[in-house]
Amino acid sequence: MKCKFSLVVTLIAVAAVVFTLRPPRNTGEYDVVGFGRWPTLVNGRLKPLDTVARTSLLMMQGRQRVVTAEARTLAPAEWLLDVFYRPELADTYPVFEIVNPDLLGLLNLATTDGAGGKRFSVRQMLPKLAELERQTKLADGVESAVRTPFQRAAVQLSNALVLYQQLQDSINAPGRNDFFAQLERLEPLLPTLVQGQAAKVGDGVADPKLVLVLAAIFATMENHASLRPIPPAAGTVAQDWMGVGAAWTAALGKGQVAPAAKGYAALGQAWRNRQPEKFNQVVRVQLDDLGRTQPAVMTRSLIEARFNSSEPFYSAAVIYVLGFLLGVVSWLKWPEVLGRTAFRLLLVAFALSTLGIATRMWLESRPPVTNLYSSALFVGWAGVGLCVVLERLHRNGVGSVAGGAIGFATLVIAHHLALGGDTLEMMRAVLDSNFWLATHVVTITIGYSATFLAGFLALIYVLRGTLTGSLNQASATSLTRMIYGVVCFATLTSFVGTILGGIWADQSWGRFWGWDPKENGALLIVIWNAILLHARWGGFVQARGLAVLAICGNIVTAWSWFGVNMLGVGLHSYGFMDAAFWGLVGFVASQLAIVALAAIPLERWRSFRRPAAA
Amino acid sequence: MSTTTESIRQSFLRSALREGRDFLVSMKLTLVLLGFSMVLVFAATLDQVNLGIWAVQEKYFRSFVVYTQVGSLVLPVFPGGYAVGGLLFLNLIAAHLYRFAFTLRKAGLQLVHFGLIVLLVGELLSGLWQRDAHLRLTEGETKSYAQSFRDHELVLIDTTDAAFDDVIAIPEAVLASKRSIQHPKLPFRIQPKSYFPNASLIARTASTAAAGAEKIANGVGERLTVVPRAYTHRPDEQNEPAAIVELTGAEGSLGTWLVSTEIPMAQEFQHEGRTWRLTLRTHRTYLPVSLTLLKFSHDRYAGTDIPKNFSSRLRLVTPDGHEDREVLIYMNNPLRYAGRTFYQAGFQNDDRTTILQVVRNPSWTLPYIACTLMTLGLLLQFGLHLLGFIGKRRAAAGTPAVPAGARATPVTGPATP
């Protein structure tokens, strides 16, 4: 019976994971999923519209789901369709998060006006947009590091509005309801335009006014567009993808419009006039065309859209938590069966994370760590990997608990980092070196993982020892050994990673070491680990001292990982962020609190109160 | 009697020496120094926000004592990089000499620590020897010198001979000291009258003159007034030093001149039939090669401002004419020539001007030697551990297996937490 429990739970988890991995399905009669697979060039990368919709929503409101005022839930791609084709509706969707009270006051809004108390629509902001623009201009003159919270909120909101407007202008003409009907009228005129070129303007053209009006619109669209969804007629160079405005401008000269541009117009007509059959047909034809002309782009687009909808890191986070909880309970009750279940769940989540990271690597053609977001994923992945090894060796639930906690925590961090935009962004010039990304960056990130893991094991030691009576002599000894072993590994990897970084710096900048903040951060981790090892070897610390030092290692690593980016100086400051500052402060405070807890005399720890089992 | 005092003194000396030795070889010292170095590195990282990277290196790492200013007092607050690093160096060497015993088991760790010594020495030497300068080239421009980021020099050029210029450069520090300058090649003495580490120049008007601004007799300085500004450490700002100098020949004063990096052209004057030019400019280091910028490219990802690559195509010519070739410098691919590294550091002027950083570090090989030693040491150490571990497992395989499902138990030895 007990054996079955573990198996059944594992199978349920696996089944749930498989369920999330199956292809997404349409909820209505429109093939919104198919539309989400259409690729486009944005920020230098070809990606499916589904990704565009999701990242835009994350940046605007911190979540991917849209709930309309009538409590209708929209998929991200469905929302994007309305942004493109039914702006009058999209403007009423509450998708802009505003929490700053001063900014709300400026916009004449109250929290009670917003969906969930914090999400507002363009329509609600409309009367005060000019004032917002003025405030943003004022804030623009201030360096981002010294802006007030109000200024930051104003700049952030206006960036979100610009993003929204640019999406709209990429496909639709700003402020016109008859744009797609006009395009339909323009198309038959195109050949006559080319014939009439020799004669004076308007000669032989049935509707010269229409052409002139539209030509102006196309130029405006091209200036404002963020998307370039029209593939080149031939060739696979990303640079050659065009915006809709540019494609129609080119059509005026050539007498013929790119089929994809026509597709976007036809889709708009179908979506506006609520014609599902026509809509689905346009989606299908476009996908077939692209599959023929741009097969490589389409394969990536399909995989990425599927990756988006299956949200592997979300499922993994849930399973990590379950594994963590079962692991903790296993120390108090049914150690055998719960311990095994926790470990199996950890393996399932680990496999899922591996799959997710591997997919990202394939999509990007890059090593696993390319930006802060992916470093969070990878720190978690490597940490959990080490935990799997530890659990295999020791089989006492410690690996599962630490793995579950690290896996979950890093995925939560990653989720927050994803709010900054596309997580598969293009690499900035200085980082564009797969060799060094694969060696230096990966090694140093594993060093972070191992140092964090030692710290987590130490947390387990202190919390279990002080708060529960479950830390017996054997578990205490094995935990101490684990901490020591992991610290050895952490020293090795962070040291090798730092040295590799020095070599990269010498190769690129002609100096091995420049005391740059990020370099200093890596050095601090190495020195801290060296202190741990020497303190242990010199006999200056015993089990508790080692645990306390390892917990402080968490602070050092968190500082190196995020703290230095908050300084905003140095050659490495490509990952600047200030939002996480208070998160870091909170983390440091929590670690210090646990260090204080560890300072309680050993004989008063709950686990050590009565003499250890003799 | 004298023998007893002698022996007492000797035994005291001996015990003092022993204590000194024990202190120097102790691991406690290692730990304390490592702790100090953490504080130092951390403080230096934070202070970069205020001081910028160059000043921080001078203040924290290339110093014996870190001073801080409290009000008008300058107080020593912490041992600097030289002190901590030097003591760590001594501690490492002393401990290893004192406890040295060659065994294979220890050889790995010894190699690692020896590599660390080389690394520390390497950092010391590159601190002393490394020179950074920048080379700014606009498309079509040729230069055979690099310019300093922070140091300036007062330059007097004798341009009488059309075939060549005779250049006498006086470092900014000498100007700052306001000492009178006499140079064998100069037929006059230079007396710095005022020196401003950072200043802007404004037009001289009746009101500035009334405010007591110094009157300058010659050159463009006649029409200008110096407004001192605070010295800046910010990496994105430049100090513009200025000075007022008086030149005195055998027959008395030739007059005063205002020199400043804000005055772009050299000021010309005649003395004893020779033509001189006077200017304050950034310090120049001459290169054994001249570089011409053919093309600077700033590639962006399609439809964005995200930089994809920066590259400079240059023509490299040596004065002896033996080398005349094109080179391409781009991100992660610097030019290494004549002991110098030229890397792509920036751009300006609507993508038509490239900024190359020129680094000269004669001790650049030391970190590589150190890394090799340490890598070998680590391989040896972990290789031996691994062999030992495999050996143990083999031995264990011969004995009866642990019962399945057994919970973790201490493997060997007494269990002491």
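Among the residues of region B:370-378, is any of a type in the set (Gly, Ala, Ser), within 14 Å of chain A (Cβ to nearest Cβ) and within 24 Å of B:Arg150 (Cα to Cα)? Among the residues of region B:370-378, not one is of a type in the set (Gly, Ala, Ser), within 14 Å of chain A (Cβ to nearest Cβ) and within 24 Å of B:Arg150 (Cα to Cα), which makes the answer no. Applying a threshold of 7 Å to beta carbon distances and a minimum spacing of six or more residues, or different chains, the list of pairs starting in region A:545-564 at a residue that is touching a residue at least 12 places away in the same chain (Cβ under 8 Å) and ending at one that is not in a helix (DSSP H, G or I) reads A:Leu549/A:Val541; A:Phe562/A:Ala580. When B:Gly52, B:Gly85 are checked against the criterion of being more than 11 Å from chain A (Cβ to nearest Cβ), out of contact with any Gly (no Cβ under 9 Å at 6 or more places or on another chain), surrounded by 16 or more Cβ atoms within 10 Å (Cβ to Cβ) and in a helix (DSSP H, G or I), a single residue qualifies: B:Gly85. Going residue by residue through region A:408-422, is there one that turns out to be crowded, with 19+ Cβ neighbours inside 10 Å, touching a residue at least 40 places away in the same chain (Cβ under 8 Å), of a type outside the set (Gly, Ala, Ser) and within 13 Å of another protein chain (Cβ to nearest Cβ)? Yes: one or more hits. Does region A:465-475 contain at least one residue that is more than 13 Å from chain B (Cβ to nearest Cβ), part of a helix (DSSP H, G or I), touching a residue at least 12 places away in the same chain (Cβ under 8 Å) and surrounded by fewer than 24 Cβ atoms within 10 Å (Cβ to Cβ)? Yes, region A:465-475 contains at least one residue that is more than 13 Å from chain B (Cβ to nearest Cβ), part of a helix (DSSP H, G or I), touching a residue at least 12 places away in the same chain (Cβ under 8 Å) and surrounded by fewer than 24 Cβ atoms within 10 Å (Cβ to Cβ). All of (1) under 16 Å from A:Ala402 (Cβ atoms); (2) crowded, with 22+ Cβ neighbours inside 10 Å hold for A:Leu325 with one exception: (2).
For region A:231-248, the set of residues classified as of a type in the set (A, V, I, L, M), buried (at least 22 other Cβ atoms within 10 Å of the Cβ) and within 12 Å of chain B (Cβ to nearest Cβ) consists of A:Met242 only.
Somewhere in region A:489-510, is a residue crowded, with 18+ Cβ neighbours inside 10 Å, on the phi > 0 side of the Ramachandran plot and within 14 Å of another protein chain (Cβ to nearest Cβ)?
The first filter runs over region A:489-510 and keeps only residues crowded, with 18+ Cβ neighbours inside 10 Å, leaving A:489-502, A:504-510.
Next, only the ones that are on the phi > 0 side of the Ramachandran plot stay: A:510.
Next, from what is left, pick out any that are within 14 Å of another protein chain (Cβ to nearest Cβ): A:510.
Checked region A:489-510: at least one residue is crowded, with 18+ Cβ neighbours inside 10 Å, on the phi > 0 side of the Ramachandran plot and within 14 Å of another protein chain (Cβ to nearest Cβ).
Would you check if A:Ala251 is assigned by TED's automatic domain parsing to the domain that holds A:Ile171, crowded, with 16+ Cβ neighbours inside 10 Å and either touching a helix residue (DSSP H, G or I) at 6+ places or on another chain (Cβ under 8 Å) or at pLDDT below 90 (or both)? Taking the combined requirement at face value, the residue satisfies it. For B:Arg360, the criteria (1) modelled with pLDDT of 75 or more; (2) exposed (fewer than 12 other Cβ atoms within 10 Å of the Cβ) hold in every case but one, which is (2). B:Leu75 passes every criterion in (1) within 27 Å of the chain's Cα centre (by Cα); (2) surrounded by 14 or more Cβ atoms within 10 Å (Cβ to Cβ); (3) not polar (S, T, N, Q) apart from (2).
Take A:Leu390 and decide whether it is within 11 Å of chain B (Cβ to nearest Cβ), more than 14 Å from A:Trp561 (Cβ to Cβ) and crowded, with 20+ Cβ neighbours inside 10 Å. Considered against the rule, which asks whether it is within 11 Å of chain B (Cβ to nearest Cβ), more than 14 Å from A:Trp561 (Cβ to Cβ) and crowded, with 20+ Cβ neighbours inside 10 Å, A:Leu390 comes out as yes. Only a single item in (1) surrounded by 15 or more Cβ atoms within 10 Å (Cβ to Cβ); (2) under 30 Å from A:Gly356 (Cα atoms); (3) in contact with an Asp or Glu (Cβ under 9 Å, 6 or more places away or on another chain) is not met by A:Val297, and it is number (3). With respect to the conditions (1) in contact (Cβ under 8 Å) with a residue 60 or more places away in the chain; (2) buried (at least 16 other Cβ atoms within 10 Å of the Cβ), B:Leu384 lacks only one, and its number is (2). If the condition is being in a helix (DSSP H, G or I), touching a strand residue (DSSP E or B) at 6+ places or on another chain (Cβ under 9 Å) and aromatic (Phe, Trp, Tyr), then region B:55-67 contributes only B:Tyr60.
Kindly indicate which of B:Leu90, B:Leu111, B:Leu104 is modelled with pLDDT under 90, away from chain A (no Cβ under 11 Å) and on the phi < 0 side of the Ramachandran plot.
One residue alone meets the criteria, B:Leu104.
Restricting attention to region A:69-106, which residues are over 24 Å from the mean Cα position of the chain (by Cα) and among the polar types (S, T, N, Q)? Listed by number, the list holds a single entry, A:Thr92. The residues listed here are A:Gln281, A:Gln286, A:Gln269, A:Gln239; of these, the one that is in a helix (DSSP H, G or I), free of Cβ contacts under 8 Å to residues at least 12 places away in the same chain and under 25 Å from A:Leu74 (Cβ atoms) is A:Gln281.
Select from region A:503-518 the residues that are in a helix (DSSP H, G or I) and either modelled with pLDDT of 90 or more or in contact with a strand residue (DSSP E or B) (Cβ under 7 Å, 6 or more places away or on another chain) (or both) and list them in ascending order. Correct list: A:Ser508, A:Trp509. Among the listed residues A:Phe408, A:Phe452, A:Phe456, identify the single one that is part of a helix (DSSP H, G or I), over 23 Å from the mean Cα position of the chain (by Cα), modelled with pLDDT of 90 or more and not small (Gly, Ala, Ser). Step by step, each of A:Phe408, A:Phe452, A:Phe456 is checked, and only A:Phe456 is part of a helix (DSSP H, G or I), over 23 Å from the mean Cα position of the chain (by Cα), modelled with pLDDT of 90 or more and not small (Gly, Ala, Ser). Of all the listed residues (A:Ser449, A:Ser400), the sole one being within 21 Å of A:Leu479 (Cβ to Cβ), hydroxyl-bearing (Ser, Thr, Tyr) and either more than 14 Å from chain B (Cβ to nearest Cβ) or surrounded by fewer than 22 Cβ atoms within 10 Å (Cβ to Cβ) (or both) is A:Ser449.
Residues in region A:522-535 that are under 19 Å from A:Phe562 (Cα atoms) and facing chain B (nearest Cβ under 7 Å): A:Leu523, A:Leu524, A:Ile527, A:Trp528.
With the structure loaded, tell me whether A:Val486 is within 31 Å of the chain's Cα centre (by Cα) and farther than 18 Å from B:Met374 by Cα or whether it fails that test. For A:Val486, the condition - within 31 Å of the chain's Cα centre (by Cα) and farther than 18 Å from B:Met374 by Cα - is met.
Against the conditions (1) touching a residue at least 40 places away in the same chain (Cβ under 8 Å); (2) surrounded by fewer than 18 Cβ atoms within 10 Å (Cβ to Cβ); (3) more than 24 Å from the chain's Cα centre (by Cα), B:Leu125 satisfies every one except (3).
Checked against (1) at pLDDT below 90; (2) out of contact with any Leu (no Cβ under 6 Å at 6 or more places or on another chain), A:Thr557 passes all but a single condition, namely (1). For region B:291-333, filtered to residues that are small (Gly, Ala, Ser), more than 9 Å from chain A (Cβ to nearest Cβ) and surrounded by 16 or more Cβ atoms within 10 Å (Cβ to Cβ), the residue that is nearest to A:Met242 (Cα to Cα) is B:Ser311.
The values are calculated or read from the model by the stated rules, or taken from the named source; none is laboratory data. Because the structure is predicted, anything quoted here is derived from the model rather than measured. In this analysis, Cβ positions are derived from the backbone assuming ideal geometry, glycine residues included, and neighbour counts consider all displayed protein chains.
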